């Protein structure tokens, strides 16, 4: 294997990622079993040859028998179980989407891990604070594209479930179809599209548990009806609404 040059930033970033993984593992373990040990100080000593090209400093690891190498020492301090709990985020919860589950390229995942982002929730917290990911670290992170991929991954982990469909008349006498269930919406910004018996309905209200769809007077209700719901760009539901399953009032 070639002795390739490396940058100190890349080395430290990789080391920190590995240490973060260990810390998160210890945080989970401490829930059920208090830690009965601590890791004493760890020292790394590298024999290297630094080079500077006028723009960046790079290092090559000294090979066996090579003389004249410089020494680089890195000291890692010990950490207690209280420090692990105080400095680590909680274990993943049900419904959390890990970055590894998002269909993005390995280079982008590596950049996100260097920023301490291991889940979709981490990324959303960064967005809420209006952080420009294009200007952080090495840059090259397209948040708009990431957001689309995140929504797709979230929809894949939370498929919709329809529990009830009812055909009713509202206070103004207009005919409405009410759909109840779970995970019917993943974002308020996406307005579902409903087609009932090949006729477009108007979605008057929507959230994760309910949809209210107004049906025009030209929509025919049959013993066996077809409903097509485009809940978001990543989910289309086709269902049969039979007369026996339609409740009127």
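The values are calculated or read from the model by the stated rules, or taken from the named source; none is laboratory data. Here the structure is a predicted model, which means the values were calculated and not measured. Cβ placement follows ideal geometry from the backbone for every residue including glycine, while neighbour counts extend to all protein chains displayed.
Given the condition buried (at least 16 other Cβ atoms within 10 Å of the Cβ) and in contact with a helix residue (DSSP H, G or I) (Cβ under 9 Å, 6 or more places away or on another chain), answer yes or no: does some residue in segment 203-223 qualify?
Among the residues of segment 203-223, not one is buried (at least 16 other Cβ atoms within 10 Å of the Cβ) and in contact with a helix residue (DSSP H, G or I) (Cβ under 9 Å, 6 or more places away or on another chain), which makes the answer no.
Which one is surrounded by the fewest Cβ atoms within 10 Å (Cβ to Cβ) among residues in segment 180-202 that are in contact (Cβ under 8 Å) with a residue 40 or more places away in the chain and in contact with a helix residue (DSSP H, G or I) (Cβ under 9 Å, 6 or more places away or on another chain)?
That would be 187.
Hey, among 220, 214, which residue is touching a residue at least 24 places away in the same chain (Cβ under 8 Å) and assigned by TED's automatic domain parsing to the domain that holds residue 241? Lay out the reasoning, then the answer.
Details: 220 fails: touching a residue at least 24 places away in the same chain (Cβ under 8 Å).
Only one candidate qualifies: 214.
Given (1) at pLDDT below 70; (2) surrounded by fewer than 14 Cβ atoms within 10 Å (Cβ to Cβ), where does residue 169 come up short, assuming only one miss?
Only one criterion is unmet by residue 169, namely (1).
So is residue 189 more than 30 Å from residue 99 (Cβ to Cβ) and outside the structural domain of residue 104 (by TED's automatic domain parsing) or not? Before the answer, list the steps.
Numbers: more than 30 Å from residue 99 (Cβ to Cβ): no; outside the structural domain of residue 104 (by TED's automatic domain parsing): yes.
Taking the combined requirement at face value, the residue does not satisfy it.
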